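Taking it in order: structure first as structure tokens, then the write-up.
Rule-based calculations on the coordinates, nothing more; no lab input. No experiment lies behind these values; they were computed from the predicted model shown. Glycine gets a Cβ as well: all are built from the backbone with ideal geometry, and neighbour counts include every protein chain shown.
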Amino acid sequence: MKRILITGAAGFLGSHLCDRFIKEDYHVIGMDNLITGDLKNIEHLFPLKNFEFYHHDVSNFVHVPGKLDYILHFASPASPIDYLKIPIQTLKVGSLGTHNLLGLAKVKAARMLIASTSEVYGDPLVHPQTEEYYGNVNPIGPRGVYDEAKRFQEAITMAYHTYHGVETRIVRIFNTYGPRMRLNDGRVLPAFIGQALRGEDLTVFGKGNQTRSFCYVDDLIEGIYRLLHSDYALPVNIGNPDEITILDFAKEIIKLTGTTQKIIYKDLPVNDPMQRQPNIDKAKSILGWEPKVSRAEGLKITYDYFKGLSQEELNKVEHKNFEQYIK
Ligand code: UDP
């Protein structure tokens, strides 16, 4: 049985990856420090023989007994408000955490895939973004702690690949959504759905003419699964190129949820990227991958998930006065 270590296992993407690799008959070792992750996302795996969990912060030395075939490094705060609230941890998990895991990959002769992000492109001047684009990032802006951690992560991963011969893979993940996102993590999709469910107005930042391209989680997981098993070491964009303005997206959520609330406008956060859309030619040609789930289908599944949450979870306020973090 192949053994895989998944960091950030209790998070949104990490937990879906655990499910996928359990389904593929791997022995899955989940690791998480539970700062932003939630054990609820993986509690159904605890009774399984081929699942184990370590409560550990990968920014500190990582020890895993026995052989390891693969490492997936998905531990990191990933919503803008999270990484502004815990900026130092965000920098550490992308830099020190990645270094520790690359060291582990080297001694175990394991293949390691790191979760990079479209944030490496910053507020992009090239549209749609290809993997060749170097990006437009403000290192000292509010997003710098995340963007530069991820850029460093790519750099050290390529260095271990080139100088230590570690087998590495780099996925650049574009906005992804689906069940197990935190309802109150501040990201736009749970924010809008949460507001609709609580009977609040939907908060569009700026004029809402900035764009994003949303990928359903199952599509993303399939792309990552294929990339891990490919022989391609350079970064690959995985995302859904179906681009939409945030204002139109708010209107879609109003229609989907049937809310009678209105749209209200708030200040645009500093360095908020104006446009974002993946060019996925590489994923298509190298992995034979493209997204299959339309936004209409994916949003319906995600809305049903959020509707099933308890009143207590719905009303949990994680980011009171969060404007202070984004100005
Ligand atoms: N946004 C918004 N209202 C909200 C939350 C976010 O208009 O309540 C906007 C935000 O300014 C950004 C986009 O939605 O332009 C996506 O934000 P998110 O935090 O989901 O992720 P990002 O793609 O910026 O990392």
- Note on the structure: HN-Hα couplings for the range 242-258 via Karplus (6.51, -1.76, 1.60; θ = phi - 60°), in whole Hz with x for Gly/Pro, come out as 6, 8, 8, 6, 5, 5, 5, 5, 4, 5, 4, 5, 4, 5, 4, 8, x
- 0 to 90° range, to nearest 10: angle between helix 12-23 axis and the chain longest Cα axis: 50
- Message: Are there any trypsin sites (Lys or Arg not before Pro) in the range 261-295 that are in a DSSP loop and have at most 12 other Cβ atoms within 10 Å? List them by number.
- Response: Lys262, Lys292
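Can you check what the net charge comes to around His27, using other residues whose Cβ is under 10 Å from the Cβ of His27 (Lys, Arg +1; Asp, Glu -1)?
Local net charge: +1.
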- Task: Pop a pseudo-label 7 angstrom from the Cα along the beta-carbon direction at both Asn50 and Ser310 and give the gap in nm to one decimal.
- Result: 3.3
- Item | Amide H contacts of Ala115 (H built 1.01 Å from N, under 5 Å, at least 5 apart or other chain) | His73
- Task: Just rank Lys23, Lys300, fewest to most, by other beta-carbon atoms within 10 angstrom.
- Result: Lys23, Lys300
- Note on the structure: The exposure ranking of Thr98, Thr36, Thr211, fewest beta-carbon neighbours within 10 Å first, is Thr211, Thr36, Thr98
- Query: HN-Hα J couplings of the range 194-209 from phi, Karplus 6.51/-1.76/1.60, θ = phi - 60°, integer Hz, Gly and Pro as x?
  - Reply: x, 4, 4, 5, 8, x, 9, 5, 8, 8, 8, 8, x, 8, x, 8
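Would you mind telling me the antiparallel percentage of the DSSP bridges in the chain, rounded to 5?
Details: 3 of 38 bridges.
Roughly 10 percent of the DSSP beta bridges within the chain come out antiparallel.
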- Item | Gap separating the Cα centres of the range 74-147 and the range 1-50, nearest whole Å | 21
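Just subtract the alpha-carbon distance of Asp281 and Val107 from 0.36 nm times their residue separation and send over the number in nm, one decimal.
Length difference between fully extended and current span is 59.2 nm.
Counting alpha carbon pairs within less than 8 Å and at least 6 residues apart, what relative contact order, in whole percent, applies to the range 122-269? Intermediate results must be reported in sequence, preceding the final value.
On the way: 181 pairs, mean separation 41.3, N = 148.
Here the relative contact order equals 28 percent.
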- Fewest to most neighbouring Cβ within 10 Å: what's the order for Lys255, Lys316, Lys150? Lys255, Lys316, Lys150
- Message: Please list, in order along the range 291-303, the HN-Hα scalar couplings obtained from phi with the Karplus expression 6.51 cos²θ - 1.76 cosθ + 1.60 (θ = phi - 60°), rounded to whole Hz, x for Gly and Pro.
- Response: x, 10, 9, 6, 4, 4, 5, x, 5, 5, 4, 5, 5
